[in-house]
Amino acid sequence: MSNEKIYILPCSGIGKVYGLLSREVAYKVVLDLEPQYTDTICLASLLLEEIKEQVVGKSVICVDGCPKCCAEKSSLEAGMVVEKKYLTSHFVRKYRGEDPGSGSELTETGKKVVDDIAKAIQIEVQRILQERGEL
Amino acid sequence: MEERPKIGVISCSGEKCTGGSVARMITRKMLDTWRPHDVVTICLPLFIAGGTEERSFAKDFPTITIDGCKKKCAYRITEKLSGKVNASVDLSTVLGDELCESTINQEPFSEELVIKTKKEVLQIFDRIRAEANFRELKQSGQYKGCGCVEEN
């Protein structure tokens, strides 16, 4: 039993809504849905040597906004174990024709997308915890 | 309208602390309302995930980094992976370490923090903007060493 928190790592891409969606998803999971079992970390800090030492081998769920998968690649670069990855742009497709918002602000549709992804991550977190024998 | 060289603004966007969110919001404000025609940005982690094109960002644009805490991730990573930056803003010098490093919580994020930093950020931006314009003028051969500019 590790009792280690699972990191939720968004790309926080700044140019488009997909990055903001990823960021809000991470906050939804870490602050609302699974605060006991999850945490986040500044993605940019993973590229600093002194932080890499703290996170190497730790479990992470990545939430990326686009297929460049910055969160996933940065996690792997830092030596973390990527348990699962999500692309916010895939979840937006369900709401085809609706506007999810911009890089600065989400619309009601954007908030629904956040809820969808956060719920999917919550299920994944519980699966990981069950596998570890912590639930 | 005359095409002016754009200025790159890169924020750390740190997820864990308040300063990172303020840094991100400042960059979005620059893009959306404060200097919408003069700013370009790039996602910081693209320096790792992207290719040569992304990594040449700080060489292609005069660049300002905006960091949410004294770790200065945006500044350090940009200098390491992309190129020398023209200026850097550490929000902890404006808002204080305690606030900047405080963990994000469920309280609604206050835009007041962004407004508090506006003057300082825009002063730096406008200085870099003026320097870039001056360089452009010199390179184009229009600058004559005084206040006069030769029209093409």
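FYI, it's all coordinate maths here, none of it is from the lab. Everything numeric in this text was worked out from a predicted model, so none of it was measured. Methodologically, a virtual Cβ is constructed for each residue, glycine included, from the backbone with ideal geometry; neighbour enumeration extends over all protein chains shown.
Restricting the calculation to Cα positions, tell me the Rg (one decimal) and the Dmax (whole number) of segment B:56-133 in Å.
Over segment B:56-133's Cα set, Rg and Dmax evaluate to 13.9, 43 Å.
For residue A:63, what residues show an amide H to amide H distance below 5 Å, using hydrogens built from the backbone and excluding near sequence neighbours?
Residues meeting the criterion, in which the H sits 1.01 Å from N, are A:9, A:11, A:86.
Just add up the charged neighbours of residue B:39: K/R +1, D/E -1, any other residue whose Cβ is under 13 Å from the Cβ of residue B:39.
For residues surrounding residue B:39, the net value is +3.
How about segment A:1-37: which chymotrypsin sites (Phe, Trp or Tyr not before Pro) there lie in a loop by DSSP and see at most 16 other Cβ atoms within 10 Å?
none
If you average the sequence gap of Cα pairs under 8 Å that are 6 or more apart and divide by the length of chain B, what percent do you get for the contact order?
Relative CO of chain B lands at 26 percent.
Given a 10 angstrom Cα cut-off, can you work out which residue in B:20, B:96, B:68 is the most mobile in a GNM of chain B?
B:96
Please report how far the C-alpha centroid of segment B:11-66 lies from that of segment A:86-135, rounded to the nearest whole angstrom.
Taking the Cα centre of each part, segment B:11-66 and segment A:86-135 sit 24 Å apart.
Tally Lys and Arg at +1 and Asp and Glu at -1 over the other residues with C-beta under 10 Å from the C-beta of residue B:74: what net charge comes out? Intermediate results must be reported in sequence, preceding the final value.
Details: positive: B:71, B:72, B:76; negative: B:67, B:79, B:90.
Net charge in that neighbourhood comes out at 0.
Can you work out the base-10 log of I(q)/I(0) for the protein assembly as shown at q = 0.07, 0.12, 0.14 1/Å, using the Debye formula on its C-alpha atoms alone?
Each listed q corresponds, in turn, to -0.28, -0.75, -0.99.
Residue B:100: net charge of surrounding residues, Cβ under 15 Å, Lys/Arg +1, Asp/Glu -1, itself excluded?
Details: positive: B:16, B:24, B:70, B:71, B:72, B:116; negative: B:15, B:67, B:90, B:97, B:98, B:101, B:112, B:120.
Summing Lys/Arg as +1 and Asp/Glu as -1 gives -2.
Round to a whole angstrom and tell me the spacing of the C-alpha centers of segment B:92-146 and segment A:48-65.
What the calculation gives is 29 Å, centre to centre.
Calculate how many DSSP beta bridges within chain A are antiparallel, expressed in % of all such bridges and rounded to the nearest 5.
Restricted to chain A, the bridges split so that about 10 percent are antiparallel.
List the relative contact order of segment A:7-101 as a percent without decimals, with contacts defined as Cα pairs under 8 Å and 6+ residues apart.
31 percent.
In whole Å, largest first, what are the principal axis extents of the Cα atoms in segment B:1-75?
Each principal axis gives a Cα extent; for segment B:1-75 these are 41, 30, 17 Å.
Can you give the mean number of other chain Cβ atoms that lie within 10 Å of the Cβ atoms in peptide A:7-14? Don't skip to the end; give the middle numbers.
Details: counts 0, 1, 2, 2, 7, 11, 6, 14.
So the per-residue partner count for this stretch is 5.
Could you work out which residue, out of B:61, B:125, B:134, moves most in a Gaussian network model of chain B, that is, has the largest mean-square fluctuation with Cα springs under 10 Å?
B:134
Would you look at the GNM of chain B, springs on alpha carbons closer than 10 Å, and say which of B:64, B:26, B:48 moves the most?
B:48
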